[in-house]
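What follows is a single structure, written as C-alpha cells, with notes after it.
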Amino acid sequence: MKINTRVDKVLNYIQKGSTVADIGCDHGYVLIKGVTDDIIKSGIGVEVAKGPFNQAKINVHEYNMDDYINIRYGNGLDPVLINECDVCVIGGMGGRLITNILRDNKEKASNFKRLILQPMNSEFILRKYLLENNWVIVDEDILIEDRLYLYIIAEKGNMEVHDDFIYEIGPVLAKKNNSGRNKYIKQKIFKLEKILMNLKEVEVKETNKIKIIKQAIEKWRSYIGD
Ligand SMILES: C[S@@+](CC[C@H](N)C(=O)[O-])C[C@H]1O[C@@H](n2cnc3c(N)ncnc32)[C@H](O)[C@@H]1O
C-alpha cells in the first residue's frame, strides 16, 4: 500500500470506532489504512472521476475490505446519506471546492460530528464559510513534506470573529507557535512580497493595492515577531 504521512496525519484526527466519509477518496488509502489500523469502523469513499473511482474499488477488494468500505461514484456529499457517517474527510482540493461541497449539501454536512479538511489553497474562503456556518475550528496544523499541507479540523459550535485576518491565518494557527506554522507564515509573506515587487515594476505611484498588500505583510509578520 502506498501509504504516506498525509494518510497518517488524517488518521490522527479520527477517533477510534468512527464511521468516515472520505470525499475525493482517490486511491481509498485513508479508509483502507484506517480500517486496517482499527481506527475506522467503516467508511464510504466518494469519487467523481472514473479512474480513481475504479482504482479505489479494486484497492478495497484487494485488501478484503468490501465489508467495511463502500466506494461510491458521484459529486461531493451527494452519494452519502444523512447521518451515515460521524466524520467527513475532504482533502487535496482547493478551499473553494471544499467550501462548495459543504455548501451544496449543507444539512448533510451539518450532521457530521467532525470535519477533517485539507485545502490546497484559498483557505480564507473555507475558514470564513465554516465560522459563519456554525462550525468551530478546533485544530489546525501544517505538515511539511514536498510542500506545506494545511489541516483544518472543525466541529459544531460557534466562534466569534472580531478581525477578518483570522480567516487568513486561522484561529488555531494564530496561537500555535511551531516551525510548521512559522513556515506557513513565511510562505505567505514571500508570496505577497513577490506580488508587491511585480506591482512596483509596473506602477510608479503607491496605489491603494500596494498599501493593502503592505498592511497584510505587516500583519503576517507580527505573528512571527518579525
Ligand atoms: C488531488 S486528489 C486528493 C486525493 C486525496 N483526498 C488526498 O488528499 O490525497 C483530489 C481527488 O478528489 C476528487 N474530486 C474532486 N472533486 C470532487 C467532487 N466534487 N466530488 C468527489 N470527488 C472529487 C478528484 O477526482 C481526485 O481524485
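The values are calculated or read from the model by the stated rules, or taken from the named source; none is laboratory data. Bear in mind the structure is a predicted one, so any value in this text is a computation, not a measurement. In this analysis, Cβ positions are derived from the backbone assuming ideal geometry, glycine residues included, and neighbour counts consider all displayed protein chains. These area figures cover heavy atoms from the full protein model, side chains too; ligands, DNA and RNA do not enter into them. Shrake-Rupley method; radii C 1.70, N 1.55, O 1.52, S 1.80 Å.
Couple of notes before you dig in:
- Extending 7 Å from the Cα toward the beta-carbon at both residue 193 and residue 48 defines two label points whose distance is 3.6 nm.
- Most mobile listed residue (42, 110, 179) in the chain, GNM with C-alpha springs under 10 Å: 179
- Binned Cα-Cα distances of the chain, short to long, each 10 Å bin given as a whole percent: 8, 31, 32, 18, 9, 2, 0
- Legend: residues 159, 65, sorted from most to least accessible area (1.4 Å probe; ligands, DNA and RNA excluded), read 159, 65.
- Charge tally in the Cβ shell below 11 Å around residue 167, where Lys, Arg are +1 and Asp, Glu are -1, residue 167 excluded: -3
- Take each peptide in 137-150, 85-98, count the other Cβ atoms within 10 Å of every residue, and average; sorted highest first, the result is 85-98, 137-150.
- Rounded Å value of the spacing that divides the Cα centres of the range 88-160 and the range 8-62: 18
- Gaussian network model of the chain, Cα within-10 Å springs - most flexible of 186, 194, 57: 194
- Gaussian network model of the chain, Cα within-10 Å springs - most flexible of 107, 84, 123: 107
- Taken one residue at a time, the phi angles of the range 146-162 give Karplus couplings (6.51, -1.76, 1.60, θ = phi - 60°) of 4, 8, 8, 10, 9, 10, 10, 10, 10, 9, 5, x, 10, 9, 7, 10, 9 Hz. Gly and Pro are set to x.
- HN-Hα J in Hz across the range 210-222 - Karplus 6.51, -1.76, 1.60, θ = phi - 60°, x for Gly and Pro: 4, 4, 5, 5, 4, 5, 5, 4, 4, 4, 4, 4, 4
- Cα-projected label distance for residue 186 with residue 122, points at 7 Å along beta-carbon direction, nm: 2.9
- When 19, 5, 207 are compared by accessible area at a 1.4 angstrom probe, the order from most to least is 5, 207, 19.
- Karplus-derived HN-Hα couplings along the range 23-31 (A = 6.51, B = -1.76, C = 1.60, θ = phi - 60°), whole Hz, x at Gly and Pro: 8, x, 6, 6, 6, x, 5, 4, 5
- In degrees, nearest ten, helix 123-132 long axis to first principal axis of the chain (Cα): 70
- The helix-based estimate of mean residue ellipticity at 222 nm for the chain, built from -39,500 (n - 2.57) per DSSP H run of four or more residues and divided by its residue count, is -13500 deg cm²/dmol to the nearest 500.
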